[in-house]
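Just so you know, all these numbers are worked out from the coordinates, no wet-lab data involved. The structure presented is a predicted model; accordingly, all values stated were derived computationally and were not measured. Reconstructed Cβ throughout: ideal geometry from the backbone, glycine too, with neighbour counts over all protein chains shown.
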Amino acid sequence: MPVLVHPPRWLSAAQLHPAPAPLLRNWLFDQDSLTRRLTALSAGRFAVQPLHQGWQNLRQDECTALQVPSGSQGWVREVFLQGAGANWVFARSVAARTALEGSGFELGKLGSRSLGELLFSDRAFVRGELQVCRYPAAWLPTDVRAEQLWGRRSCFRRDGLGVLVAEVFLPAFWTQAEQ
C-alpha cells in the first residue's frame, strides 16, 4: 500500500525565499544538461543505474505538471545518476501514456543510457521552467531516504508529448560538489 505523502510545493527561482546559497542555486537552476555537468564533475566516471521502469498511475503533482487528468497512467523511469561509483542523484522521469503512445519516443528502451542526453540532443524538445522543492523522503528509494533533500524538475515538451524529469541531489553529490 503506498505511503500517503503531502505533495511538495514546487517553486520557481523567483518564488524561492530566501534565495539558496550560490553553489546550491547554481546546481538547482542551471539550464544545461545535468548529465554533462555530472560527467565533468566525476572526471568522466558517470553512469546511469536503472532502478525501475514501467506503467503506473502518476502522482497528482505529476498529472498537474503534465496537464493530464488526475490518476492518469504513465511511463515511470527511476534511476540513480552516479559519479565515481557513488549515487549522486535520484532521477524520476514520467510521461503520460496518452501522449507517449504513438509519439515515437522510446522512453522504455533507454536502459542505462541517459535520458538527459537524449532530450538535450533532440532540438524539437523545449525545456520548461525549472522548479525546486524539498523532496519527500517517502518518495525516495529506501537506501537513500533522507529528509529535506533538494529536488528540481522541469518538463520537456515536443509536439503533444511532455516528459517530466525530477532530479534529487543526494548527500554524496554535495560532498563532491563542495570540494
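Quick notes on this structure:
- Here the Karplus relation 6.51 cos²θ - 1.76 cosθ + 1.60, evaluated at θ = phi - 60°, turns the backbone of the stretch 127-138 into coupling constants of 8, x, 5, 6, 10, 10, 7, 8, 6, x, 4, 5 Hz, with x for every Gly and Pro.
- Each part gets one Cα centre, and for the stretch 93-162 versus the stretch 7-49 those centres are 14 Å apart.
- Residue-averaged [θ]222 nm for the chain, counting only DSSP H segments that reach four residues, each worth -39500 (n - 2.57): -5500 deg cm²/dmol
- Exposure proxy shown here: for S154, S33, the number of other Cβ atoms within 10 Å sets the order, fewest to most, as S33, S154.
- Normalised by the number of residues in the chain, the mean separation of alpha-carbon contacts (under 8 Å, six or more apart) gives a relative contact order of 24 percent.
- Computed Kirkwood radius, in angstrom, where 1/r is averaged over Cα pairs of the stretch 19-177: 15.9 Å
- Derived scalar couplings ³J(HN,Hα) [the stretch 29-37; Karplus, 6.51 cos²θ - 1.76 cosθ + 1.60; whole Hz; x for Gly, Pro]: 10, 5, 7, 6, 5, 5, 4, 5, 5
- In the stretch 51-121, the GluC sites (Glu not before Pro) that fall in loop regions by DSSP, at most 12 other Cβ within 10 Å: E101, E106
- Divided by 2.2 N^0.38 Å, where N counts the residues, the Cα radius of gyration of the stretch 1-105 comes to 1.26.
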